[in-house]
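This report concerns only the one structure given below.
The values are calculated or read from the model by the stated rules, or taken from the named source; none is laboratory data. From a predicted model like this one, the values you see are computed outputs, not experimental measurements. Neighbour counts are summed over all protein chains in view; Cβ atoms, including those assigned to glycine, are modelled from backbone coordinates with ideal geometry. Accessible surface areas use protein heavy atoms only, side chains included; no ligands, DNA or RNA. Shrake-Rupley method; radii C 1.70, N 1.55, O 1.52, S 1.80 Å.
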Amino acid sequence: MLFKHLQLLAKPLKPISTINSLQWSRQMSVLAKSIKYTQHGEPADVLQLVEEKLESPQSNQVLVKILAAPINPADINTIQGKYPVKPKFPAVAGNECVAEVVQVGDKVKNLTKGQHVVPYVTGIGTWTTHAVYTEEQLMPISNKIGLAEAATITVNPCTAYRMLKDFVKLSPGDCVIQNGANSAVGQAVHQLCKAWGLKSVGVVRSRPDIDQLKTYLKSMGATEIFTEEEIRTCTLFKEGKLTKPKLAFNCVGGKSATEVTRHLADKGVMVTYGGMSREPVIAATAALIFKDLAFRGFWMTRWTKENPQSPQRTEMFKELCDLMEQQKFVAPVHELVPLQNFKDAAAAALNFKGFTGKKYILKMD
């Protein structure tokens, strides 16, 4: 009997800390704070901050801690019920974020604890402190990329990238013109044009700090910036100081879009990706007949759904991440907002005033 006891004592025992760690891993749960809504309406009326318990991830699931999540105009439109994407209720608001992997299920192959990740699909709900997603819904991203850049990579930079790549074949020295040039997409266009050797001409609304804004956008890569009044009398292209643009981007509509088309080269293309003025794009008959201009539309969500695993998507993210790591691509002007102030930030997200259309980013500390 004594011999048996000695045998048991001789067996190596697992340290108590290891046992506790394994038990904690199996039983782990976190209390997430999420911004949810159960019906469409104005954010101040329908959004609520709720708490819910999340259990440990199973199989191919991944538990993440959200580090930062932006408030995009499309997010507000989705909450209002004015956007083509209709979530299932109850829904967690938000579509973009950067998160840190906390724990993975036993069938997860390519993600590990501590990695930073961003959504690889749309509509998974990101305005929350923690979430459980599947591995396929996430894309790893370098921890060296800033939180603001990583949190905003999947919408505006991708929109700018695809519009520059997919409609007209551009070569270094070619010119692009856009209105809304101080928007988040506009700032992304300037930076990509600079990286690729393209000329970027922007149009913005006049304002008291216009000179400061022009200087800022030129520092990002814009070749020239004009107000909507200045572009009407601009002779830059007629005098041959810049080649006529082959490609134009429109996020305003109305007269602003019409003025931009006047400067397009023959067979030029205008791509509309927004309509801040809520006025239609009107194409002049002469421009269609004699210049053979083309008018196209672009929606990043559609492109993503149609190209979920395409080589072009992989290449796009690689190039954007490389530029961000090299600090050749920075996030738009933004403000980090505590989670509890989400209603004020959401109300301000569509209220563009002053220097640029500031991006509000929820900080989940």
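The table below gives the values:
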{"read-out": "Close pairs from the range 99-125: first more than 21 Å from I79 (Cβ to Cβ) and hydrophobic (A, V, I, L, M, F, W, C), partner in a strand (DSSP E or B) and at pLDDT below 95, Cβ under 9 Å, at least 6 apart", "value": "V102/V30"}
{"read-out": "Extreme residue, most open to solvent (accessible area, probe 1.4 Å), among residues of the range 207-254 that are under 18 Å from V168 (Cβ atoms) and under 25 Å from the mean Cα position of the chain (by Cα)", "value": "T223"}
{"read-out": "Matching residues in the range 47-71 - criterion: being in contact with a helix residue (DSSP H, G or I) (Cβ under 8 Å, 6 or more places away or on another chain) and buried (at least 17 other Cβ atoms within 10 Å of the Cβ)", "value": "L47, S56, N60, Q61, V62, L67, A68, A69, P70, I71"}
{"read-out": "Those residues of the range 255-269 which are open to solvent by 40 Å² or more (accessible area, probe 1.4 Å) and within 21 Å of L170 (Cα to Cα), in sequence order", "value": "R262, D266, K267"}
{"read-out": "Residue match in the range 69-78 (condition: farther than 20 Å from Y273 by Cα and either at pLDDT 95 or above or not β-branched (V, I, T) (or both))", "value": "yes"}
{"read-out": "Enumeration of residues in the range 262-281 that are touching a helix residue (DSSP H, G or I) at 6+ places or on another chain (Cβ under 6 Å) and more than 21 Å from M300 (Cβ to Cβ)", "value": "E279"}
{"read-out": "Any hit, the range 134-144, residues being within 30 Å of T258 (Cβ to Cβ), more than 12 Å from the chain's Cα centre (by Cα) and part of a helix (DSSP H, G or I)", "value": "no"}
{"read-out": "Which listed residue, of K218, K241, is free of Cβ contacts under 8 Å to residues at least 24 places away in the same chain, under 17 Å from V176 (Cβ atoms) and assigned to a helix (DSSP H, G or I)", "value": "K218"}
{"read-out": "Residue among A150, A74, A93, A131 that is under 18 Å from L320 (Cβ atoms) and open to solvent by less than 50 Å² (accessible area, probe 1.4 Å)", "value": "A150"}
